[in-house]
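Heads up, the thing below is written out as structure tokens.
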Amino acid sequence: MFFNSTAPSAHPHHRAWHRHGLAVLTLAAPLTLLAACGQPTASSRVAETRDGATVAVEVTDAWCRATPGGARAAACFATFRATGRDDRLVTLTTPAAEVAEVHTMSTEGGMMRMSPLPDGLTLPAGESVTLAPGGTHLMLMGLAGPLSAGDQVPLTLSFETGSSLVLQVPVRAAGAG
């Protein structure tokens, strides 16, 4: 199940995140991030979970779409790759929205439908899973305010293996794809 919990406010210098022992990582350009033992790291190629298994999740090209004034929802996208073993994104939280979920898009009877993935986003080991406009995406609902190009959205991703990853995701212009 996906839900949004209270997270520390993102201070311009991210001091609130650091006080809680979490590293804040920026994805302004594609780079590799690993989820490890509840704390993200960019310096290790191997990570261990609570059960001692080797697992890593790489996240590249993460971004959120800017919203028009008054919009209460926004979509974010990224590419995930579990490198150690199968994993699953089970929780997504952000102080930028009341609710954050992984959604899928489908067409039924000529109508586009969007629905949450109640079991999370499956990340098969060694395979890339890309979230893109018009398909599966991260959905932020009940926005605290509009998202403007150039902003950063703090996202905390928690995985089935017990690891979590804190990201500062850039916001791109509304027409970006």
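Values in this text are rule-based calculations from the coordinates and carry no lab data. Bear in mind that the values here come from a model prediction, so they are computed numbers and not experimental data. Positions of Cβ are generated from backbone atoms using ideal geometry, with glycine treated the same way; all protein chains shown enter the neighbour counts.
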> Name the trypsin sites (Lys or Arg not before Pro) in region 78-114 that are in a loop by DSSP and that have at most 10 other C-beta atoms within 10 Å, would you?
Replying inline: none
> Pulled fully out, how much extra length does the chain show between ASP61 and ALA174, if you take 0.36 nm times their separation in residues and subtract their Cα-Cα distance?
Replying inline: 39.1 nm
>> If I take R0 = 45 Å and measure r between the Cβ atoms of ALA125 and ALA73 in this structure, what FRET efficiency does the formula 1/(1 + (r/R0)^6) give, to the nearest 0.05?
In response: 0.90
>> Please give me, ordered by residue number, the GluC sites (Glu not before Pro) of region 74-177 that lie in loop per DSSP and have at most 15 other Cβ atoms within 10 Å.
In response: GLU127
> Using θ = phi - 60° and the Karplus curve 6.51 cos²θ - 1.76 cosθ + 1.60, what whole-Hz ³J(HN,Hα) does each residue of region 126-139 get, with Gly and Pro shown as x?
Replying inline: x, 10, 8, 10, 9, 9, 9, x, x, x, 4, 7, 8, 10
>> Just want to confirm a number: the relative contact order over region 53-177, from Cα pairs under 8 angstrom separated by 6+ residues, in percent.
In response: 34 percent
> Each residue of region 61-76 in turn: what ³J(HN,Hα) in whole Hz from Karplus with 6.51, -1.76, 1.60 and θ = phi - 60°, glycine and Pro shown as x?
Replying inline: 6, 7, 7, 10, 8, 4, 10, x, x, x, 5, 9, 9, 8, 10, 10
